[in-house]
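The values are calculated or read from the model by the stated rules, or taken from the named source; none is laboratory data. Here the structure is a predicted model, which is why all the values come from computation and not from measurement. All Cβ positions, glycine included, derive from the backbone under ideal geometry; neighbour counts span all protein chains shown. These area figures cover heavy atoms from the full protein model, side chains too; ligands, DNA and RNA do not enter into them. Shrake-Rupley method; radii C 1.70, N 1.55, O 1.52, S 1.80 Å.
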Amino acid sequence: MNKKFILIIVVFFIIQISVTGCGYRKSSNNNDSVAIIINKGKYYNVTLDFTKAKSHKQVGEEYGEEILKVVPNYETMVDSYIKYLVTVDNDYKTIIKRAKGIEAQLDKAYKDEIEGMASKLSNSKKDIPGDGKLSKDEIYLMSLLPDVLSATKGSALAVYGERSKSGHTLVATSLEFPSDLKNDLAKIQAVTTFNNNGKSICTVGYLGYLGVISGFNCNKVFASILASKTNEIYSSNLKRSYPFDLRYALENCYTLDDVGSYLKEKERNYAFSNLIFLADSKTSKVLENNQALDSNAVRDFRTEKSILNPGINWDVKNSIACVNSFLLKGNYDNHSYDASNVKRWDSMKKELLSKGNSIGIKEIKEITDFYSGSKPGDAVDGDLYDKNFQQKIIFEPNNYNLQVSFRTTDNKLPKNPVYLRINLKDNDNKFWKIN
């Protein structure tokens, strides 16, 4: 081999290395990867590609592996947050028992994902809060938190038709719940795309969470969960998970009405009563999913034209709003005697009317970012941006315009939430019909 040829070969390899890097750096994020996690600074962009997986269990396994690569102390943070929520051992055992009751009703595919992920984490046999490890039971607990603990608040607003500047539906939602002193939950926020052909969905939540807190499907149906407490005695026996049922509905239903109807079927019983805020490119509705067995328990859609309980009114055409309460006539009244619900409802209506008859992204942000004092306070003050804020979402189903404001990791709330535009094209997903 002559020296000139050897020089050419050496130069070729130098160029290849400069262009592609060392080759192994992208081993977990290559074209065959089932799970890809990219640190975007304020959140993690996650892609779970079911079209490349042999099973749901494989998706969970690869997801668990990638989580530990990107966030090595993931288990410590989640375990610490669970301990913060449940601080007494006896209560901890009770909460684990609650999760096991609901776990039994989970679809096998979702159980396979959760257990696949557990197999790649510590998968400890002991359920010990604060030990820095996650047992399989604790991973189920993490996955079912909305079903076993109801500590969340939130609000949602949508405008559509003539009230929307674009003529299409515009949504704003806010998620609030207590943050631990370490603010660990804010450090694992995630936007997750489930690539699965016609069943593709995108969710805004947290690393490792496989249910739906807020999300939408490739048929442009958006949904977000809100708690709505009643006085029913808690039981998880034979109860289902509403965030996982919502995921199934988004994956398998084509329309807003179909998604809501699936969740209100009488055989789908949940441990907690809940609200599902729904929207598509033309309208928005609220599913009031009252689980009580009383005669004043209604499971039905609320629209802007629905008749509400006495003393409650909205009367803002081409819009709908939601706080943590049932409002339909005849439904259990957990609104009128809850100051945080009444005052936030009034704040939303007042702020919406103050913006006139044409609402765009700027105006809807100003509404959902409202607080009454010098800084974000409490829900009981009527604040729509309060100190327990975790995530705010602005979404246009028509064109998949998704903007999210995430709680900052330093636990210091900015005067005004900062929204990030989430580009679904980052996920290399050919299933989104992006305009």
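Structural remarks
- The range 349-423 - percent of accessible surface contributed by carbon and sulfur, probe 1.4 Å: 47
- Net charge of neighbours whose Cβ lies under 13 Å from the Cβ of G167, counting Lys and Arg as +1 and Asp and Glu as -1: +1
- Positive-pole candidate from A35, G154, F216, dipole of the chain, charges at beta carbon: A35
- Karplus-derived 3J(HN,Hα) values for the range 124-129, using 6.51 cos²θ - 1.76 cosθ + 1.60 with θ = phi - 60°, are 4, 7, 10, 9, 10, x Hz; glycine and proline are entered as x.
- Projected-area mean, the range 132-253, by convex hull of Cα positions, square nanometres: 10.3
- Here the 3J(HN,Hα) profile of the range 324-334, calculated from phi with Karplus coefficients 6.51, -1.76 and 1.60 at θ = phi - 60°, is 8, 8, 7, 10, 4, 4, x, 7, 3, 8, 10 Hz, Gly and Pro shown as x.
- Computed magnitude of the charge dipole of the chain (debye, nearest 20; Cβ of K, R +1, Cβ of D, E -1): 1140
- Calculated FRET efficiency for the pair N31/D258, C-beta based, R₀ 35 Å, to 0.05: 0.55
- Inter-centroid distance (Cα atoms) of the range 199-276 relative to the range 352-367, Å: 28
- Extending 7 Å from the Cα toward the beta-carbon at both R421 and D346 defines two label points whose distance is 3.9 nm.
- Relative contact order for the range 153-277, counting Cα pairs under 8 Å that sit 6 or more residues apart, in percent: 20
- DSSP beta bridges in the chain [antiparallel fraction, %, rounded to 5]: 85
- Over 32 Å between alpha carbons, listed pairs K111/K282; K108/K229; K97/K120; K40/K415: K111/K282
- Here the accessible area of the range 53-129 is 48 percent carbon and sulfur, with a 1.4 angstrom probe and all protein chains present.
- V171, V70, ranked by accessible area, largest first (probe 1.4 Å): V70, V171
- A 1.4 Å probe, protein heavy atoms only, puts the accessible area of W314 near 10 Å².
- Evaluated over the Cα positions of the chain, the convex hull gives a direction-averaged projected area, one quarter of its surface, of 24.1 nm².
- H168 accessible area, 1.4 Å probe, all protein chains in place, Å² to nearest 10: 70
- Computed from backbone phi, the HN-Hα couplings of the range 315-322 come to 6, 10, 4, 6, 7, 8, 9, 8 Hz, rounded to whole numbers (Karplus: 6.51 cos²θ - 1.76 cosθ + 1.60, θ = phi - 60°; Gly and Pro given as x).
- Per residue solvent-accessible surface (Å²) - the range 301-350, probe of 1.4 Å: 45
- Mean separation of Cα contacts under 8 Å (6+ apart) over length of the range 269-405, as relative contact order %: 16
- Each Lys or Arg adds one and each Asp or Glu takes one away; over the other residues whose Cβ falls under 12 Å from the Cβ of F194, this sums to -1.
- Anisotropy class of the range 232-356 from Cα gyration tensor, a/c 1.5 cut: oblate
- Database remark: amide H of Y270 closer than 5 angstrom to the amide H of R240 (H placed geometrically; neighbours at sequence offset of 5 or more, or on other chains; Pro and chain starts carry no H).
- Contact order for the range 84-204, expressed relative to its length and based on alpha carbon pairs under 8 Å spaced 6+ residues apart, stands at 17 percent.
- Candidates V404, N331, L424 compared by Cα position along the dipole of the chain: farthest toward the positive end lies L424, with charges placed on Cβ.
- Paramagnetic reach from A104 (point 7 Å along Cα→Cβ, amide N under 18 Å) across the range 228-253: 234-242
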